[in-house]
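S.K.: Let me begin by handing over the structure; questions about it come next.
The values are calculated or read from the model by the stated rules, or taken from the named source; none is laboratory data. Here the structure is a predicted model, which is why all the values come from computation and not from measurement. Cβ placement follows ideal geometry from the backbone for every residue including glycine, while neighbour counts extend to all protein chains displayed.
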Amino acid sequence: MKTITCKQLGGACDKKFHAASFDEIAAMSKQHGTEMFQKKDAAHLKAMNEMQELMKKPEAMKKWFENKKKEFEALPEEKNGGNATNQQHT
């Protein structure tokens, strides 16, 4: 298990996501983003707008995604096995 934060993924808060794979992290991040969108969280909405701009450039988006995946893969494995659940939004 590895841990990465919303901010590390380009988001707006320190919520921690724990997972064994980047695909799992991506799904958790997407769910979190949906929740923050529904709450109309201003900081997250700003981060989402920035991401939408990036998505207009497929090559830039692909590079961003690959870099985030490499960043996740470079994270150390948690010695205690981590926690399979998301931590609460801060």
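S.K.: Just one of (1) at pLDDT 95 or above; (2) part of a helix (DSSP H, G or I); (3) of a type outside the set (S, T, N, Q); (4) surrounded by 13 or more Cβ atoms within 10 Å (Cβ to Cβ) trips up W64, so point out which.
M.R.: Result: W64 fails condition (1) only.
S.K.: For residues that are among the charged types (D, E, K, R) and not in a helix (DSSP H, G or I), scanning just segment 1-25, find the one that is nearest to A74 (Cα to Cα).
M.R.: K2
S.K.: Also, quick follow-up: If you check M36, M28, which single one turns out to be touching a strand residue (DSSP E or B) at 6+ places or on another chain (Cβ under 8 Å), in a helix (DSSP H, G or I) and modelled with pLDDT of 95 or more?
M.R.: Step by step, each of M36, M28 is checked, and only M28 is touching a strand residue (DSSP E or B) at 6+ places or on another chain (Cβ under 8 Å), in a helix (DSSP H, G or I) and modelled with pLDDT of 95 or more.
S.K.: One residue is enough: does segment 44-63 have a residue meeting the conditions in contact with a strand residue (DSSP E or B) (Cβ under 7 Å, 6 or more places away or on another chain), without any contact (Cβ under 8 Å) to a residue 60 or more places away in the chain and within 28 Å of P76 (Cα to Cα)?
M.R.: no
S.K.: Does H44 satisfy the condition of being modelled with pLDDT of 95 or more, in a helix (DSSP H, G or I) and either crowded, with 16+ Cβ neighbours inside 10 Å or basic (K, R) (or both)?
M.R.: So H44 passes the test.
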